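Enquirer: Sharing a structure, written as structure tokens. Questions coming.
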2 protein chains.
Amino acid sequence: MSTSTREKIIQLGDDLLRKQGFNAFSYADISKPLQIKNAAVHYYFPSKQDLAVAIALWHKDIFDRFSQKMANKEPKDKLKTFLNFYHSIHLSEKVDIIGAFATDWHSLEPKVQTEVQEFTELVINWLSELIQEGLDLGQFRTTQNARTTALRILSSIFASTQLVRITGDHDFTRVKNSILEEFIN
Amino acid sequence: MSTSTREKIIQLGDDLLRKQGFNAFSYADISKPLQIKNAAVHYYFPSKQDLAVAIALWHKDIFDRFSQKMANKEPKDKLKTFLNFYHSIHLSEKVDIIGAFATDWHSLEPKVQTEVQEFTELVINWLSELIQEGLDLGQFRTTQNARTTALRILSSIFASTQLVRITGDHDFTRVKNSILEEFIN
DNA sequence: TAAAATACTTATTTACTAATAAGTTTGCAA
DNA sequence: TTGCAAACTTATTAGTAAATAAGTATTTTA
């Protein structure tokens, strides 16, 4: 099963968005490596904002499949897998998609913002639910409610993908382990 | 004491950097509101990277004065004031300077990166010291070492300035209070 | 097999961007 | 009062950006 041009554009766009930032890459950065013309990118995504929408939808799709795959796992394992996923983001020199969109927020059109908001709520709700589940099972400990804890975990881990660009690798593992130690009994 | 043109450029540049992102604003966005020509901006800062260096240095300067002013305060109050400072960032619709630079990291020249690194270490060290101090005084609790705790607090709070652009205001206060509750006895 | 949709390319436009060279004005110092 | 430096403006350039119109080849469908 070969990847379609459309799919390749989305994946490369996502890569550039998270490595360089939304306003730091151009259609030429996408068309050159794919050996197509910039007009071909416009054929699939008439405007850059359309591409941003597609990237956000792609992430929703990936996350849906991820959460389905994890549905039967223990809360503890869900959290660990989630944090490991961020570790792989860090290793590939990207930042998290939520942070990437957030810093460029004011250059995004409403249609993009809406998709990003929906994706983010998807993640926060998934985290909130696993935390509540973990609390009920006595696997987790926290004095805060589930959503607040979810926000704390999400913000800590996605900020780390950004912060370690500045401070260096070793700090990522520190933060990741610290989160696990803090919440898991 | 009136603000010099140079100072005005730095302040407006900082504002734009943190509201829109480094690659989302131009010299025209600076010169127009100040009612000068774009060449006047280049007179003070020949390249955009030079402006970025000046913005980073400005933040180091502000932080130095802040930490001097707080030197005699209790660790608990230092932390509270620090978090309140981020609250004001949030209210002015900006993101934290560390996160703003981090997402645009790969479009920054080494001279900018170095200044940002030094500023970030300044903040982390200040936080680490106040945490150690608080632990010694029995005002704080944490199972982690001081630097790790500092990283957790810093990443949580600066990510929140980004995250709440997406999820909405109320989540900022949640996270801020949650940090205080977690560490302060 | 004709036509219509798909997946592009060629070619161009409009707009903006950072950057610079060459003036001009103003104030101060010798 | 001359001269020189600081703080600009005027004017321009070279490059890049997103976007679009119009054409072409290939595949699909009726």
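The values are calculated or read from the model by the stated rules, or taken from the named source; none is laboratory data. Not measured: the values here are computed from a predicted model. Don't worry about glycine lacking a Cβ; one is built from the backbone with ideal geometry, like all the others, and counts go over all protein chains shown. Note: areas computed on protein heavy atoms with side chains; ligands, DNA, RNA excluded. Shrake-Rupley method; radii C 1.70, N 1.55, O 1.52, S 1.80 Å.
Enquirer: Once neighbouring chains are kept in place and the probe is 1.4 Å, which whole percent of the accessible area of the range A:53-183 is contributed by carbon and sulfur?
Expert: Solvent-exposed carbon and sulfur of the range A:53-183 make up 50 percent of the total.
Enquirer: Which values, in whole Å and largest first, are the semi-axes of the equivalent ellipsoid of the protein assembly as shown obtained as the square root of 5 times each eigenvalue of the Cα gyration tensor? It would help to have the intermediate numbers written out before the result.
Expert: On the way: eigenvalues 207, 188, 51 Å².
With the √(5λ) rule applied to the protein assembly as shown, the semi-axes are 32, 31, 16 Å.
Enquirer: Tell me, rounded to the nearest percent, the portion of alpha carbon pairs in the range A:59-104 spaced more than 15 Å apart.
Expert: Percent of Cα pairs beyond 15 Å in the range A:59-104: 54.
Enquirer: In nanometres, what is the gap between the two model label sites at A:ILE184 and A:ASP169, each 7 Å from Cα along Cα-to-Cβ?
Expert: Each label point is offset 7 Å from its Cα along the Cβ direction, giving 2.3 nm.
Enquirer: Just how much of A:GLU118 is accessible, in Å², when a 1.4 Å probe is used and the result is rounded to the nearest 10?
Expert: 90 Å²
Enquirer: Turning to a different aspect of this structure: Every other copy gets compared here: list the nm distances from the B:THR114 label point (7 Å along Cα to Cβ) to its counterparts, shortest first, one decimal.
Expert: Inter-copy label distances (nm, one decimal, shortest first): 4.8.
Enquirer: Hey, another quick one. Taking amide H positions as placed 1.01 Å from N in the peptide plane, with prolines and chain starts having none, which residues 5 or more places from B:PHE140, or on another chain, fall under 5 Å of its amide H?
Expert: Residues meeting the criterion, in which the H sits 1.01 Å from N, are B:LEU135, B:ASN185.
Enquirer: Just tell me how shielded B:172-184 is by partners: mean number of partner chain Cβ atoms within 10 Å of each residue's Cβ, no decimals.
Expert: Counting other chains' Cβ atoms within 10 Å and averaging over B:172-184 gives 3.
Enquirer: Continuing with the same structure: Considering the options A:ILE55, A:HIS170, A:GLN35, tell which one lies farthest towards the positive end of the dipole of the range A:32-185, charges being +1 on Lys and Arg and -1 on Asp and Glu at the Cβ, about the Cα centre.
Expert: Of the candidates, A:GLN35 comes out farthest on the positive side.
Enquirer: How far is A:PHE66 from the same spot in each other copy, in nm, shortest first, if each label point sits 7 Å from Cα toward Cβ?
Expert: Nearest first, the other copies' label points are 3.1 nm away.
Enquirer: Local charge sum around A:ALA52 (other residues, Cβ-Cβ under 14 Å, Lys/Arg +1, Asp/Glu -1)?
Expert: So the surrounding residues net to -3.
Enquirer: Expressed as a rounded percentage, what relative contact order does chain B have, with Cα pairs under 8 Å and six or more residues apart?
Expert: Relative contact order comes out at 23 percent.
Enquirer: Just to confirm the number: angle between the C-alpha axis of helix A:48-70 and the first principal axis of chain A, 0 to 90 degrees, nearest 10?
Expert: Helix A:48-70 sits at roughly 40 degrees to that axis.
Enquirer: Taking the Cα centre of the range B:53-183 as the origin, how large is its charge dipole in debye, to the nearest 20, when only Lys and Arg (+1) and Asp and Glu (-1) carry charge on their Cβ atoms?
Expert: 240 debye
Enquirer: Which translational diffusion coefficient, to the nearest whole µm²/s, is obtained for the range B:53-183 from the Stokes-Einstein equation, given a Kirkwood hydrodynamic radius over C-alpha pairs, 4 °C and 1.567 mPa s?
Expert: For the chosen part, D equals 84 µm²/s.
Enquirer: Something else now. Taking θ = phi - 60°, what integer Hz values does the Karplus form 6.51 cos²θ - 1.76 cosθ + 1.60 yield along the range A:158-166, in sequence order, with x for Gly and Pro?
Expert: 6, 5, 5, 4, 7, 4, 6, 4, 8
Enquirer: Calculate the length of the line joining the C-alpha centroid of the range A:60-82 to that of the range B:134-158, in whole Å.
Expert: Rounded to whole Å, the Cα centres lie 29 Å apart.
Enquirer: Taking a virtual spin label 7 Å from the Cα of A:SER47 along the C-beta vector, which residues in the range A:86-120 bring their backbone nitrogen under 17 Å of it?
Expert: A:105-116
Enquirer: Might you tell me the accessible area per residue for the range B:19-177, computed with a 1.4 Å probe and given in Å²?
Expert: Numbers: 6810 Å² over 159 residues.
Solvent-accessible surface per residue comes out at 43 Å².
Enquirer: Which of the residues in the range B:1-39 lose at least 40 Å² of accessible area when you go from the chain alone to all protein chains together (probe 1.4 Å)?
Expert: B:GLN20, B:ASN23
Enquirer: While we're on this one: For chain B, find the longest principal axis of its Cα atoms and tell me its angle to the long axis of helix B:75-91, 0 to 90°, nearest 10.
Expert: Result, in degrees: 40.
Enquirer: Still on this structure: Quick check on packing: order A:57-66, B:156-165, B:21-30 by the mean number of other C-beta atoms within 10 Å, highest mean leading.
Expert: Descending packing order for the listed peptides: B:156-165, B:21-30, A:57-66.
Enquirer: What does the charge dipole of the protein assembly as shown about its Cα centre add up to, to the nearest 20 debye, if the Cβ of each Lys and Arg holds +1 and the Cβ of each Asp and Glu holds -1?
Expert: 320 debye
Enquirer: A further question follows. Per residue of chain A, what 222 nm ellipticity follows from adding -39500 (n - 2.57) for every DSSP H run with n ≥ 4, rounded to the nearest 500?
Expert: Using -39500 (n - 2.57) per qualifying helix, the result is -25000 deg cm²/dmol.
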